[in-house]
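The values are calculated or read from the model by the stated rules, or taken from the named source; none is laboratory data. What you see is a predicted model; the values in this text were computed from it and never measured. Glycine gets a Cβ as well: all are built from the backbone with ideal geometry, and neighbour counts include every protein chain shown.
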Amino acid sequence: MTRPLQALTLLLALALVTGPALARDGRRGPGAGLRGALFPPEMLMRHSEELNLSDEQRETIIAAIQEMETNVVPLQWELREQGEKLRELIEQSQVDEKAALAQAGRVSGIEAQIKQMHLALLIRIKNSLDDEQRARLDELKSERRQQWRGGRKGGPTGQGEGPRGDGPGDENAPPFRD
């Protein structure tokens, strides 16, 4: 296998492993810079009382989440199927470059659709909040970042726990994961 083809194979395999996770949380990769301007649904759920979300806001957010889930689940199935086909193509001793690249295009297209749906959800959530709620969420994210950068080894508790209290701290974990 030629070096460029080996590199492509490695990149595609990496995309297959990390793509669904990127589509799900949007916290890593090229779009990671957007995370500071948007609010993950779990953060709103965790702080809903503090934010004083109205019934209308809750309904809007729940409807947006349900719509995304309804649309994304079939795409996730398709992504798995198409990813498996790509894996089978690149595992051949002689890879049909044209077929593998075409299949990679299909996989990338599905990943892009999922990411776009996730971004649309985050935008709808942000747009459903008022200025005061957005400001409070920004404060919460900033507080969380300070906890992570405050020099306490092992996470926010300083007790060697990870961001969710489930093991060793990860200094590369998202600082505002709530």
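Checking the structure you have, find out if any residue of segment 137-150 is touching a Leu at 6+ places or on another chain (Cβ under 6 Å) and either within 25 Å of Leu44 (Cα to Cα) or not charged (D, E, K, R) (or both). No: zero hits.
Name every residue in segment 57-86 that is hydrophobic (A, V, I, L, M, F, W, C) and either surrounded by 14 or more Cβ atoms within 10 Å (Cβ to Cβ) or part of a loop (DSSP other than H, G, I, E, B) (or both), in order of residue number. Of everything in segment 57-86, those that are hydrophobic (A, V, I, L, M, F, W, C) and either surrounded by 14 or more Cβ atoms within 10 Å (Cβ to Cβ) or part of a loop (DSSP other than H, G, I, E, B) (or both) turn out to be Ile61, Ala64, Ile65, Met68, Val72, Leu75, Leu79, Leu86.
A residue that is under 23 Å from Glu139 (Cβ atoms) and under 17 Å from the mean Cα position of the chain (by Cα) occurs somewhere in segment 113-122. Among the candidates Leu140, Leu89, the residue that is under 30 Å from Asn52 (Cβ atoms) and outside any loop (DSSP other than H, G, I, E, B) is uniquely Leu140.
Table: residues versus (1) more than 21 Å from Met43 (Cα to Cα); (2) touching a Leu at 6+ places or on another chain (Cβ under 7 Å); (3) touching a residue at least 24 places away in the same chain (Cβ under 8 Å).
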residue: Ile62; (1), (2), (3): no, no, no
residue: Met68; (1), (2), (3): no, yes, yes
residue: Pro74; (1), (2), (3): yes, no, no
residue: Arg87; (1), (2), (3): yes, yes, yes
residue: Ile90; (1), (2), (3): yes, yes, yes
residue: Gln103; (1), (2), (3): yes, yes, no
residue: Glu111; (1), (2), (3): yes, yes, yes
residue: Ile114; (1), (2), (3): no, yes, yes
residue: Met117; (1), (2), (3): no, no, yes
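None of Val95, Val107 is touching a Ser or Thr at 6+ places or on another chain (Cβ under 9 Å) and either part of a helix (DSSP H, G or I) or β-branched (Val, Ile, Thr) (or both) except Val95. If I filter segment 127-148 for residues that are modelled with pLDDT of 55 or more, hydroxyl-bearing (Ser, Thr, Tyr) and within 19 Å of Ala63 (Cα to Cα), do I get at least one hit? Yes, segment 127-148 contains at least one residue that is modelled with pLDDT of 55 or more, hydroxyl-bearing (Ser, Thr, Tyr) and within 19 Å of Ala63 (Cα to Cα).
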